[in-house]
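Since the structure comes first, as structure tokens, the remarks are kept for the end.
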Amino acid sequence: MPYKYYGGVHPDYAKTASKSPVRTIAPPKEVVIPLIQHIGVPNKPTVSVGDVVKMGQLIGYDEAPVSAPVHASVSGVVKAIEPRRHMLGDMILSVVIENDFKDTPCEDLVPLTEEQLNDPEAIIKRIREAGVVGMGGAMFPTAFKIAGARGKVDTVIINGAECEPYLSGDHRTMLEHPVELMKGIELIRKAHGLEKILYGIEKNKQDAIDLLNSLEPEKYGITIVPEEVKYPQGAEKMQVKANTNREVKPGGIPSGVGCNVVSTYTAYTIYRACYEGMPSIERVVTVGGDCFEKASNLLVRFGTPLSHIFAEAGGFVKEPERICMGGPMMGICVADDSAGSVKGASGLLVFSADENREKEEPVCIRCGNCVLHCPMKLEPVFMYMYVKQQDFRKMEQYHVMDCFECGSCSYGCPGRLPLTHTFKQGKAMLNAKKAAEKLRAQAAQKAAKAGKEAKA
Amino acid sequence: MEEKRLYKVTSNPIVRVKRDTRSIMLDVIIALLPAIGMGIWMFGTGAVIVLASSVISCVFFEWAYEKLMKKTNTVGDLSAVVTGLLLTCVLPASSPWWMPVIGAFFAIIVVKQLYGGIGKNFLNPALAGRAFLTAGYAAFMTRWMVPSALAGVVDGTTMATPLASLYGSDALPAYYNLKSMLIGYIPGCIGEISTIAVLLGACYLLIRKVITWRIPLAYLGTFAVLTFALGKEGYDSLNWTLLNLASGGLVLAAFFMATDYSSSPVTPKGQLIYGVGCGLITVLIRYYGGYPEGATYAILIMNTCAWAIDALTRRRQFGVSAADVKEEKAKLAAEKKKAKEGAAS
């Protein structure tokens, strides 16, 4: 039985795309692949302009452990290596490949041998080589995450909550590739050196739970945990709580309480990397929002310009106002639709002005909904006030740093306060203050040392 | 180069719940309709005049103040209408037309706008308005029109309320019984006479999740338990408790006044404490005060404690256990001790 956690909200799930199969879209004429599609050290290009590249060929790499290489998602000719607009807003060095529409596969990565498939080192090495990152949206290099947790954690949880509205790519993957998915989860289990692994799935995907349970998950060491349908069930801390009843300490990460959380699509990508020798070059993206006639799940190569994806999804039926990368609760607005799709983009939602409920002059009516909705049991109503006043002492007292920006407070706010946004600012302020204090302390220490030396 | 079209960027969450301030206020207005309708049925034109005068002046003062101070106009959020309706509920139908105007001025200008407008007032505006009028025009505030249901049963145009009879020296007149008090065939303020009508609106608020059960339940629960325990000579304890619950503005106050967002606590535990406090003070005033109705002052007194209650009832955040808190406290105490010893030596 899953354990409960406090708060949360029940947004309109709008998961209409979960009913129809994943459709592979026609690849674009040109892909723009940013060399950063992960959290960590940027990759350096390993190809030059004019090179002929194959599909799946390594095009960007850095040896730093906290990084994930990128691969060509189509075969063709490298047209340019230049800064291009990233989905997240910055200009990022990107490799532009002109598609030859042949999809000539690259032979660099071959499927792992039977022996390697049972060797944690070999699996982690392959995860690293294939450029696998947290596909739920965090984009943290998976190999580093698993290597760091191995031996330290006793429980690994695969995150199949998919609690964000609209998104149903994970749900479709469970239904369409159940065996492959479970083999991928088995690899994650083996990479951690564990006998058992938990798979938490929200109960609104009962068909997927039934299907997976009918395919003998215990054969792979998997226990499926049906979870309460509530946002933010899929947040790491909530997953740990729901599956193990352990609570991650403030400022801590799941491994602090002996847990590691890996998302569903990451598991599937690991399966493909290990069993098929296919690096991370494509993913299922839920394309939806009120600007489309119908929401759909599309298999999209990384680097595909968003405008191409939107055209393939049937085009807009309403004047678009905002593009959201990821789910609508924690997703990030994308300003430029020429940006290439990246690994962490689980959804691309386009909303018209009708869906925009922001207000120019938001007013708090002190209804207290935010207090009841906060899964971290914080008091957003007061945090908002103190961040606005820049009262650092109170901000710390009210635990602004504990906010993980799930958006539940803002979602349910009738006064339309930019609560989550303000807490992001508050966290940045506190971090800047901490950094400044550290610098000051260092400078003081240096000065003291210099003074001592001068005396001596 | 051609200007590239850029899409709008907002912070997450990209979507928001449909419910906004205006729709919440609209729900409160809907919830008040049965109670006010009952008042109009029982008291006729007098109630209508109070209603019109109260709502119009609340909206006017809100509009005028914001116009004068060059602030954004917030009449559209309907909160002034709600204040107007609530003020109507807690005034006698016999009030002259200018009394609600004074009450509305105090409620909207002094209590609400001078403290910064919606969400910033620390007192319930309608109750503060009523308290102001009670202080200034006590005679008008205690003159009770005979409801149409009792016309012919009693002589004259005014009469004593059941609450006054309950706590007075005389026995309760025969035309007051639990049934008539639940339905509302009694004199009193416009919105408070019919307990059933008030409960109907309260159910609507609970179903629509405009309010939670915490404050009303803690309030009425505390009140019922204490009244039952204290009792009164000549009455069966249960009957006494029920008569008390159904008389005066208690139920209206518990569901519509004590739950006012900006003057009540926001933490779940705080809401319970606040409700218990309201119940306790109401009983104290009814039993030992010189004035039969206690709810108004009980709530106004607890209003002033709301922020303190919030500060004292904060929850342990996610990931912090009771042991963690203890440890943290011990650490702080040790540090303090150390600092003290350091200063001493």
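Condition test on B:VAL82, is it buried (at least 24 other Cβ atoms within 10 Å of the Cβ) and touching a strand residue (DSSP E or B) at 6+ places or on another chain (Cβ under 8 Å)?
On the way: buried (at least 24 other Cβ atoms within 10 Å of the Cβ): yes; touching a strand residue (DSSP E or B) at 6+ places or on another chain (Cβ under 8 Å): no.
In short, no.
Criterion first (open to solvent by 20 Å² or more (accessible area, probe 1.4 Å) and basic (Lys, Arg)) does B:LYS120 satisfy it?
Working: open to solvent by 20 Å² or more (accessible area, probe 1.4 Å): yes; basic (Lys, Arg): yes.
For B:LYS120, the condition - open to solvent by 20 Å² or more (accessible area, probe 1.4 Å) and basic (Lys, Arg) - is met.
Provide a single number: the residues in region B:189-226 that are more than 14 Å from chain A (Cβ to nearest Cβ), in contact with a Leu (Cβ under 8 Å, 6 or more places away or on another chain) and not hydrophobic (A, V, I, L, M, F, W, C). Don't jump to the end; show me each part of the working.
Quick first cut of region B:189-226, residues more than 14 Å from chain A (Cβ to nearest Cβ) only: B:189-204, B:206-207, B:216-226.
Narrowing the set further to residues that are in contact with a Leu (Cβ under 8 Å, 6 or more places away or on another chain) leaves B:189-192, B:194-196, B:198, B:201, B:218, B:220, B:222-224, B:226.
Checking the rest, the ones that are also not hydrophobic (A, V, I, L, M, F, W, C) come to B:191-192, B:194-195, B:201, B:222.
Going through region B:189-226 one residue at a time, the tally reaches 6.
Can you confirm whether B:PHE43 is out of contact with any Ser or Thr (no Cβ under 7 Å at 6 or more places or on another chain), among the aromatic types (Phe, Trp, Tyr) and crowded, with 24+ Cβ neighbours inside 10 Å? It would help to see each step written out before you state the result.
Numbers: out of contact with any Ser or Thr (no Cβ under 7 Å at 6 or more places or on another chain): yes; among the aromatic types (Phe, Trp, Tyr): yes; crowded, with 24+ Cβ neighbours inside 10 Å: yes.
Yes: the conditions hold for B:PHE43.
If I go through region A:34-58 residue by residue, how many of them are of a type in the set (Val, Ile, Thr) and farther than 19 Å from A:LEU109 by Cα?
Matching residues across region A:34-58 total 4.
Taking B:ARG16, is it under 30 Å from A:PHE310 (Cα atoms), of a type in the set (D, E, K, R) and open to solvent by less than 40 Å² (accessible area, probe 1.4 Å)? Before you say what the answer is, go through the steps one by one.
Details: under 30 Å from A:PHE310 (Cα atoms): yes; of a type in the set (D, E, K, R): yes; open to solvent by less than 40 Å² (accessible area, probe 1.4 Å): yes.
Yes.
Can you find, within region A:332-352, the residue that is nearest to the other protein chains (Cβ to nearest Cβ) among those that are assigned to a loop (DSSP other than H, G, I, E, B) and open to solvent by 10 Å² or more (accessible area, probe 1.4 Å)? Even if it seems obvious, please write down each step before you answer.
Taking region A:332-352 and keeping what is assigned to a loop (DSSP other than H, G, I, E, B), we get A:335-339, A:341-346.
Now narrow it down to the ones that are open to solvent by 10 Å² or more (accessible area, probe 1.4 Å): A:335-338, A:346.
Working: A:ALA335: 4, A:ASP336: 6, A:ASP337: 7, A:SER338: 7, A:SER346: 14 Å.
Among residues in region A:332-352 that are assigned to a loop (DSSP other than H, G, I, E, B) and open to solvent by 10 Å² or more (accessible area, probe 1.4 Å), the one nearest to the other protein chains (Cβ to nearest Cβ) is A:ALA335.
As an exercise: evaluate B:ILE211 against (1) farther than 20 Å from B:GLY275 by Cβ; (2) of a type in the set (Val, Ile, Thr); (3) in a loop (DSSP other than H, G, I, E, B) and give the number of the one condition it does not meet.
For B:ILE211, the exception is condition (1).
Can you pull out the residues in region A:232-284 that are over 30 Å from A:GLY303 (Cα atoms), of a type outside the set (S, T, N, Q) and buried (at least 24 other Cβ atoms within 10 Å of the Cβ)?
A:LYS237, A:MET238, A:VAL240, A:LYS241, A:ALA242, A:CYS259, listed by residue number.
Go through region A:315-331 and give me each residue that's out of contact with any Gly (no Cβ under 6 Å at 6 or more places or on another chain), among the hydrophobic types (A, V, I, L, M, F, W, C) and either more than 7 Å from every other protein chain (Cβ to nearest Cβ) or within 8 Å of A:CYS291 (Cβ to Cβ) (or both).
A:PHE316, A:VAL317
Give the residues of region B:13-38 that are within 18 Å of the chain's Cα centre (by Cα) and more than 13 Å from chain A (Cβ to nearest Cβ), sorted by residue number.
Matches in region B:13-38: B:ILE29, B:ILE30, B:ALA31, B:LEU32, B:LEU33, B:PRO34, B:ALA35, B:ILE36.
Return yes when B:SER94 is open to solvent by 10 Å² or more (accessible area, probe 1.4 Å), modelled with pLDDT under 95, away from chain A (no Cβ under 14 Å) and on the phi < 0 side of the Ramachandran plot and no when it is not. Spell out the reasoning first.
Numbers: open to solvent by 10 Å² or more (accessible area, probe 1.4 Å): yes; modelled with pLDDT under 95: yes; away from chain A (no Cβ under 14 Å): yes; on the phi < 0 side of the Ramachandran plot: yes.
So B:SER94 fits the description; yes.
Given (1) surrounded by 15 or more Cβ atoms within 10 Å (Cβ to Cβ); (2) under 23 Å from B:GLY279 (Cα atoms); (3) over 17 Å from the mean Cα position of the chain (by Cα), where does B:VAL146 come up short, assuming only one miss?
Only one criterion is unmet by B:VAL146, namely (2).
Just wondering, is there one or more residues in region A:424-444 that are touching a strand residue (DSSP E or B) at 6+ places or on another chain (Cβ under 9 Å) and either free of Cβ contacts under 8 Å to residues at least 40 places away in the same chain or not aromatic (Phe, Trp, Tyr) (or both)? Talk me through it step by step, then tell me what you get.
Of the residues in region A:424-444, the ones touching a strand residue (DSSP E or B) at 6+ places or on another chain (Cβ under 9 Å) are none.
Within region A:424-444, not a single residue is touching a strand residue (DSSP E or B) at 6+ places or on another chain (Cβ under 9 Å) and either free of Cβ contacts under 8 Å to residues at least 40 places away in the same chain or not aromatic (Phe, Trp, Tyr) (or both).
Under the condition of being part of a loop (DSSP other than H, G, I, E, B) and basic (Lys, Arg), which residue from region B:115-145 is farthest from the other protein chains (Cβ to nearest Cβ)?
Here is the first cut: in region B:115-145, the ones part of a loop (DSSP other than H, G, I, E, B) are B:116-124, B:137, B:142-144.
Okay, now just the ones that are also basic (Lys, Arg), so B:120, B:143.
Values: B:LYS120: 8, B:ARG143: 35 Å.
Result: B:ARG143.
Go through (1) surrounded by fewer than 16 Cβ atoms within 10 Å (Cβ to Cβ); (2) within 27 Å of B:LEU238 (Cα to Cα) for B:LEU182 and report which single condition fails.
(1)
Looking at A:GLY60, A:GLY50, A:GLY40, which is the one that is farther than 30 Å from A:GLY289 by Cβ, open to solvent by less than 60 Å² (accessible area, probe 1.4 Å), touching a Lys or Arg at 6+ places or on another chain (Cβ under 7 Å) and not in a helix (DSSP H, G or I)?
On the way: A:GLY50 fails: touching a Lys or Arg at 6+ places or on another chain (Cβ under 7 Å); A:GLY40 fails: touching a Lys or Arg at 6+ places or on another chain (Cβ under 7 Å).
Just a single option satisfies the conditions, and that option is A:GLY60.
Evaluate the following for B:ALA295: is it closer than 27 Å to A:MET383 by Cβ and out of contact with any Cys (no Cβ under 6 Å at 6 or more places or on another chain)?
Against the criterion (closer than 27 Å to A:MET383 by Cβ and out of contact with any Cys (no Cβ under 6 Å at 6 or more places or on another chain)), B:ALA295 does not qualify.
Which of the residues belonging to region B:171-208 are among the aromatic types (Phe, Trp, Tyr), in a helix (DSSP H, G or I) and at pLDDT below 95?
Filtering region B:171-208 for residues among the aromatic types (Phe, Trp, Tyr) gives B:175-176, B:185, B:204.
Within this subset, residues satisfying the condition of being in a helix (DSSP H, G or I) are B:204.
Result: no residue meets the conditions.
Condition (residue is more than 7 Å from every other protein chain (Cβ to nearest Cβ), in a helix (DSSP H, G or I), open to solvent by 20 Å² or more (accessible area, probe 1.4 Å) and out of contact with any Ser or Thr (no Cβ under 8 Å at 6 or more places or on another chain)) applied to region B:3-12: is it met by at least one residue?
Checked against the condition, which is being more than 7 Å from every other protein chain (Cβ to nearest Cβ), in a helix (DSSP H, G or I), open to solvent by 20 Å² or more (accessible area, probe 1.4 Å) and out of contact with any Ser or Thr (no Cβ under 8 Å at 6 or more places or on another chain), region B:3-12 yields no hits at all.
Looking at the structure I just gave you, is A:MET91 of a type in the set (A, V, I, L, M, F, W, C), within 14 Å of chain B (Cβ to nearest Cβ) and open to solvent by less than 30 Å² (accessible area, probe 1.4 Å)?
Numbers: of a type in the set (A, V, I, L, M, F, W, C): yes; within 14 Å of chain B (Cβ to nearest Cβ): yes; open to solvent by less than 30 Å² (accessible area, probe 1.4 Å): no.
Considered against the rule, which asks whether it is of a type in the set (A, V, I, L, M, F, W, C), within 14 Å of chain B (Cβ to nearest Cβ) and open to solvent by less than 30 Å² (accessible area, probe 1.4 Å), A:MET91 comes out as no.
Give just the number: which of (1) crowded, with 22+ Cβ neighbours inside 10 Å; (2) touching a Ser or Thr at 6+ places or on another chain (Cβ under 7 Å); (3) of a type in the set (Phe, Trp, Tyr) does B:PHE228 not satisfy?
(1)
Does B:ILE215 satisfy the criteria of being aliphatic (A, V, I, L, M), in contact with a Ser or Thr (Cβ under 7 Å, 6 or more places away or on another chain) and either within 24 Å of A:CYS367 (Cα to Cα) or open to solvent by 70 Å² or more (accessible area, probe 1.4 Å) (or both)? Write out each step before concluding.
Numbers: aliphatic (A, V, I, L, M): yes; in contact with a Ser or Thr (Cβ under 7 Å, 6 or more places away or on another chain): yes; either within 24 Å of A:CYS367 (Cα to Cα) or open to solvent by 70 Å² or more (accessible area, probe 1.4 Å) (or both): yes.
Against the criterion (aliphatic (A, V, I, L, M), in contact with a Ser or Thr (Cβ under 7 Å, 6 or more places away or on another chain) and either within 24 Å of A:CYS367 (Cα to Cα) or open to solvent by 70 Å² or more (accessible area, probe 1.4 Å) (or both)), B:ILE215 qualifies.
Taking region A:285-325 only, how many residues are open to solvent by less than 10 Å² (accessible area, probe 1.4 Å) and under 15 Å from the mean Cα position of the chain (by Cα)?
Adding up the residues that qualify gives 4.
So which residues in region B:124-139 are surrounded by fewer than 19 Cβ atoms within 10 Å (Cβ to Cβ) and under 16 Å from the mean Cα position of the chain (by Cα)?
B:PHE132 - this is the single residue of region B:124-139 that is surrounded by fewer than 19 Cβ atoms within 10 Å (Cβ to Cβ) and under 16 Å from the mean Cα position of the chain (by Cα).
In region B:276-317, how many are within 14 Å of chain A (Cβ to nearest Cβ), in contact (Cβ under 8 Å) with a residue 60 or more places away in the chain and small (Gly, Ala, Ser)? Walk me through how you get there before you give the answer.
Residues of region B:276-317 within 14 Å of chain A (Cβ to nearest Cβ): B:303, B:306-317.
Okay, now just the ones that are also in contact (Cβ under 8 Å) with a residue 60 or more places away in the chain, so B:303, B:306-307.
The next check asks that each one be small (Gly, Ala, Ser); those that pass are B:306.
Residues in region B:276-317 being within 14 Å of chain A (Cβ to nearest Cβ), in contact (Cβ under 8 Å) with a residue 60 or more places away in the chain and small (Gly, Ala, Ser): 1 in total.
Within region B:69-114, work out how many residues are assigned to a helix (DSSP H, G or I) and among the polar types (S, T, N, Q).
First, the residues of region B:69-114 that are assigned to a helix (DSSP H, G or I): B:75-77, B:79-89, B:98-114.
Restricting the remaining residues to those that are among the polar types (S, T, N, Q) gives B:79, B:83, B:88, B:113.
Selection size over region B:69-114: 4.
The values are calculated or read from the model by the stated rules, or taken from the named source; none is laboratory data. A quick note: this is a predicted structure, and the numbers were derived from the prediction, not measured. Virtual Cβ from ideal backbone geometry, glycine too; neighbours counted across all protein chains shown. All accessible areas refer to the heavy atoms of the entire protein, side chains included, with ligands and DNA or RNA removed. Shrake-Rupley method; radii C 1.70, N 1.55, O 1.52, S 1.80 Å.
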